[in-house]
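The values are calculated or read from the model by the stated rules, or taken from the named source; none is laboratory data. Because the structure is predicted, anything quoted here is derived from the model rather than measured. Cβ placement follows ideal geometry from the backbone for every residue including glycine, while neighbour counts extend to all protein chains displayed. When the accessible area is computed, the model is the full protein with side chains, heavy atoms only, and any ligands, DNA or RNA have been set aside. Shrake-Rupley method; radii C 1.70, N 1.55, O 1.52, S 1.80 Å.
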Amino acid sequence: MSFISREIPVGNIVIGGRQPLVIQSMTNTDTMNTGATVKQVEELYHHGCQMVRITAPSVKEAENLAVIKKRLIQKGVDIPLIADIHFQPAAAEAAARRVEKVRINPGNYVDKQKGSAKFTQKEYELELEKIHERLLPLINICNRYGTTVRLGINHGSLSQRILYRYGNTVEGMVRSALEFIGIFEAENFQNLTLSLKSSRVPVMIAANRLLVKEMIRRGKHYPLHLGVTEAGAGEPARVKSAAGIGLLLSEGIGDTIRVSLTEDPVREIPFAKRLAGLYPKGTGKHYLSGPGLFAFADDKPLKEKPAPVVVSSHGSKYADFIADNKKRNNTPENGKTVSLIPVKKETDKQVLKFSCSEADGTGFLIRMSVSVAKAAEKSKFAGLWIENEQFDAETSDRLAVEILQALRMRFSKTEYIACPSCGRTRFDIMTHLKKVQNALPDVPNLKIAVMGCIVNGTGEMGDADFGYVGTGPGKITLYKGKYPVLKNIPEKQAVERLVALVKQNFPNDFSG
C-alpha cells in the first residue's frame, strides 16, 4: 500500500511526494538556555539531522525561538525549526511567526476535558465549533508567514471528547486527525503534516495504516511523520522503532521519521539514517522474501514454555530450546533440545526461521525486526529462530526475545516505557531510567513507565503497572496504573519508594 503524499515546504526542506525521507530529532535543553539549545541543534545538524523540534511551553519560550534561529544562522546552520506546543494557543501563535513549523496535539492543545466525560451529539459538534474558533488565529498567522503545521496525535493523549465516542483506540486517533484536517481545510490551509504515535508498536502501525486508508478514500494526501513514542533506551527501543517505522517504510508509507530514544538526541540520528537507507522512500522494498518454515515434531515445547518460544542454533541463556542437529555438539545452558520438521504449509506448531548474513549489527537488528513483524501479521507462529553466522547465538537469541516483546507477542522481562526527554523534562530522565532499571529485577509482564512530565505521560503509560513521573524540580510522583499514589516525593527517595511499591505487588520476583 504505497502512499504518495503531496509536497509540503518546511523552510529549505520539502516533505512528501517523491522527496527523500527527512530525518528529524528534538532538543532536550531548556529553551530559554539559548546557548545550550543552539549548541545541541548545531550538533544534530552536523550529524545529519534535517529538522529539529524545540519545546515552547509558553510565549516566552516561543519568542526565544527567534533568538535561537538568528544565532544558528550566524553559525551557518540553516535548519528548519519546529515549535512543540502543548496547552497554550498563544505560544503556538507566537512561534508560528518565528519558526518554519509548529506542532500541536489535538488532544491537549484546545480540546478541553469535560467533567461529566459524556457528550451529546449537539455538545460534540459544539466542541468542534469552539476548537475551530480557537484555531483560527493560528491558521491565519501560518497562512501569513508560510508556516507549516504538524498535527501530532498521541495514543496516550486523546481528548475526553474523542475518548467518550471512540475510546483510546486506533479509530479515535484517526478520527481526531480527520477532524482537525477538516478545520484547517475549511480555512483553505493545506500545509499540514500528520503523525500518529504510540509507545505500542502494533497500535502505531495500525493507526498509520488506517489513516492512509481514510485519506485515500477522501482524496487527501498529507505527508506522514513516523515514530514510536516513549520507546525507551538501548536495544529494546531500537527494536521497537525498527519494527514500527521500518515496517511502514517497507510498505511505502512515511515521509519523515524520528527515532525517539531516552538518550542523547544525537544518538537518534545514525539509527534513523540506517533505517532510511535500508527502506528508501517510495520503493516499498522488503529485503527478505520470507522465513523458512519448520514445525515442532511434538507438543512438548509448547507445554513447557509460553509461545512463541525462542529456538536457537547453538543455544544461549536467551533461548528456550536448541534445534536438534547432530552435526553440532553444543547444547543450551538449560540442556533442552527440540526436533523440528521442515514444512511448506502453516501449522499451529509452526517455527519461523530467519537466516541473515548482515555483518552490521544495526542492519541485522533492523532487518530482523521488520521481517518478523511482517511475518507475524500474516500468520501465528509457535517458535522464532533467528540465525546469523556473523554473530554468536546469544546476540541472535537476545534479538529474538526483544522482537517478540516489542511486538507484544510475549513478555519475557520488564518493559520500560520512557519518553526521550525534551525542554519540558523535570529531571535527568536518562540517569533516572538507568537507576530504575538497575534497581528492579526483570519480571515478565511487568511494565514500568519513566516519564519526564505529564504532557503525554499519564496516557502513554496507561497500561503500565507503575509510573515514575517528574512533576517539578527534585520531585517525583509515583503511579500505580493510571492513578498517583505517592505525590511529589523527593528525587533521592523516588527509586527506593518505587522498588517498595513494585515489591508489594510482585513479592515472588524479589530475592532476599
### Task
Quick one: what are the phi-derived ³J(HN,Hα) couplings along region 135-152, Karplus 6.51/-1.76/1.60 with θ = phi - 60°, whole Hz, x for glycine and proline?
7, 4, x, 5, 4, 4, 5, 5, 4, 5, 9, x, 8, 8, 10, 10, 8, x
### Task
Pop the C-beta distance of Ser58 and Lys300 into the FRET formula with R0 = 56 Å and round what comes out to the nearest 0.05.
0.35
### Principal axis dimensions, largest first and in whole angstrom, of region 1-41 by Cα
42, 21, 13
### Task
For region 188-242, restrict the atom set to alpha-carbon positions and state the Rg and Dmax in Å.
13.2, 44
### Task
Using Cα centres only, tell me the gap between region 377-425 and region 153-232 in whole Å.
26 Å
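Add -39500 (n - 2.57) for each DSSP H run of 4 or more in the chain, then divide by its residues: what number comes out at 222 nm, to the nearest 500 deg cm²/dmol?
The helix contribution divided over the chain gives -12000 deg cm²/dmol.
Would you kindly calculate the mean projected area, averaged across all directions, of the convex hull enclosing the Cα atoms of region 1-136, in square nanometres? Show your work: numbers first, answer last.
Values: hull surface 43.0 nm².
That works out to 10.7 nm².
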### Query
Taking the simple approach of a point 7 Å from Cα along Cα-to-Cβ for both Ala186 and Lys492, what is their distance in nm?
5.5 nm
### Summary
Beyond 22 Å (Cα-Cα) in this structure, taken from Lys220/Lys273; Lys69/Lys220; Lys197/Lys482; Lys317/Lys413, we find Lys220/Lys273; Lys69/Lys220
### Message
Students often check this: by mean Cβ neighbours within 10 Å, which of 229-237, 297-305 ranks highest, and how do the rest follow?
### Response
229-237, 297-305
### Query
Once label points are set 7 Å from the Cα along Cα→Cβ at both Arg18 and Arg144, what is their separation, rounded to one decimal in nm?
3.8 nm
### Query
Across region 365-420, how large is the tail of the calculated P(r) beyond 18 Å, expressed as a percent of all Cα pairs?
36 percent
### Message
So with the 1.4 Å probe, I'd like the accessible area per residue for the chain, rounded to whole Å².
### Response
41 Å²
### Query
GluC sites (Glu not before Pro), restricted to region 332-434: which are DSSP loop and have at most 11 other Cβ atoms within 10 Å?
Glu333, Glu389
### Message
Between 0 and 90 degrees, rounded to the nearest ten: what's the tilt of helix 491-505 against the longest Cα principal axis of the chain?
### Response
50 degrees
#### Entry: Debye intensity ratio I(q)/I(0), log10, the chain, q values 0.10 Å⁻¹ (C-alpha model)
-0.80
### Query
What lysines could a cross-link reach from Lys70, if we take a straight Cα to Cα line under 25 Å and drop same-chain neighbours fewer than 8 places away?
Lys39, Lys60, Lys101
### Query
Where both partners of a DSSP beta bridge lie in the chain, what percent of those bridges are antiparallel, to the nearest 5?
30 percent
### Where a label projected 7 Å from the Cα of Lys118 along Cα→Cβ would reach, residues of region 141-173 with amide N under 20 Å
159-168
### Task
Express the carbon and sulfur contribution to the solvent-accessible surface of the chain as a percent, rounded to the nearest whole number, probe 1.4 angstrom.
47 percent
### Task
Mind putting a number on the dipole of region 344-409 about its Cα centre? Charges go on the C-beta only, +1 for Lys and Arg and -1 for Asp and Glu, and I need it in Debye to the nearest 20.
500 debye
### Message
Give the residue list of trypsin sites (Lys or Arg not before Pro) in region 1-64 that are DSSP loop and have at most 15 other beta-carbon atoms within 10 angstrom.
### Response
Arg6, Arg18
### Query
If you take the beta carbon distance between Glu43 and Glu7 as r and set R0 to 22 Å, what does 1/(1 + (r/R0)^6) give as a FRET efficiency, to the nearest 0.05?
0.15
### Query
How large are Rg and Dmax for region 49-198 when only the alpha carbon atoms are used, in Å?
15.9, 55
### Message
Multiplying the sequence separation of Val67 and Asp324 by 0.36 nm and subtracting their Cα-Cα distance, what value in nm do you get?
### Response
86.0 nm
### FRET efficiency, Arg267 to Phe411 (Cβ-Cβ, R0 22 Å, nearest 0.05)
0.25
### Reach of Lys345 by Cα under 19 Å, taken over aspartates and glutamates that are not fewer than 8 positions away in the same chain
Asp298, Asp299, Glu377
### Task
Just grab the label-to-label distance for Phe510 and Thr34, each label 7 Å out from Cα along the Cβ direction, in nm (one decimal).
5.0 nm
